[in-house]
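Q: My questions all concern the structure below.
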Amino acid sequence: MNETIFNFFYSFAHKSYALDFCIHFFAEWYGLIILFVLFIYLFKHRDNPKKGVRDLFVVGTTAVSAWFIAHFFKDVFHTLRPFDAVASIKPLVIESGYAFPSGHATFFMALASSLWFYHKRLAVFFGISAVLIGMARISAGIHWPIDILAGLFLGYAIGTTLHDLISSMTSKVYPTSKPPIAK
């Protein structure tokens, strides 16, 4: 099943320059662009700059932690990338290292799930983006579908868990409301 789904997505690669450009863009550059825009938005969007900084800190720490956790699991599972496992696969993006779970899928889904607590529309956008990036990375020949699926689930679990942990620690530094006035 994993290879069948991979072959379907990979069949879009190497068909035309325009399609290869789109696959490469979504697999490699799209995530960086939306991440840059997100951090500027989170830093500047609020009337209260401290809340924007706290949001940025919680979401950023969650996503970066997810990236490192995904790479820990890569070292545990040692799963070859499709182009390493099958000689006929020519990747559209240069990658190295192990494949399982996808660091990109883990990172962007952790970002989406931690954003859910602050900005639901942005969270939906980033969740859809995580799936699009994952599909592009399959089409580019650098991930198996199971790598992406595991990354999405791992990212969701990490995002919600770390959000709760980090936001409870930062709420002491950046309280969301003023304490009641004593009479």
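Q: Exactly one of (1) surrounded by 13 or more Cβ atoms within 10 Å (Cβ to Cβ); (2) touching a Pro at 6+ places or on another chain (Cβ under 6 Å); (3) at pLDDT below 85 is unmet by Tyr10. Its number?
A: Status for Tyr10: all satisfied but (2).
Q: I would also like to ask the following. Taking only pairs six or more apart or across chains, which ones have beta-carbon atoms under 7 Å, a first residue in region 30-41 that is over 17 Å from Gly127 (Cβ atoms), and a second residue that is modelled with pLDDT under 90?
A: Pairs found: Phe39/Leu56.
Q: Which helices (runs of 4 or more DSSP H) sit wholly inside region 64-183 and have at least 3 residues that are crowded, with 18+ Cβ neighbours inside 10 Å and at pLDDT below 85?
A: 145-170
Q: Can you tell me how many residues in region 112-127 are under 10 Å from the mean Cα position of the chain (by Cα) and not small (Gly, Ala, Ser)?
A: Residues in region 112-127 being under 10 Å from the mean Cα position of the chain (by Cα) and not small (Gly, Ala, Ser): 1 in total.
Q: For region 86-110, give me each residue that is among the small types (Gly, Ala, Ser), within 21 Å of Phe12 (Cβ to Cβ) and touching a residue at least 12 places away in the same chain (Cβ under 8 Å).
A: Residues satisfying the conditions are Ala99, Ser102, Ala105.
Q: If you take the residues in region 1-28 that are part of a helix (DSSP H, G or I) and among the aromatic types (Phe, Trp, Tyr), which one is nearest to Ile133 (Cα to Cα)?
A: Only one residue fits best here, namely Phe26.
Q: Does region 56-63 contain at least one residue that is surrounded by fewer than 16 Cβ atoms within 10 Å (Cβ to Cβ) and either over 23 Å from Asp147 (Cα atoms) or at pLDDT 85 or above (or both)?
A: No, region 56-63 contains no residue that is surrounded by fewer than 16 Cβ atoms within 10 Å (Cβ to Cβ) and either over 23 Å from Asp147 (Cα atoms) or at pLDDT 85 or above (or both).
The values are calculated or read from the model by the stated rules, or taken from the named source; none is laboratory data. The structure displayed is predicted, hence computed values, not measured ones. Neighbour counts run over all protein chains shown; Cβ positions are idealised from the backbone, glycine included.
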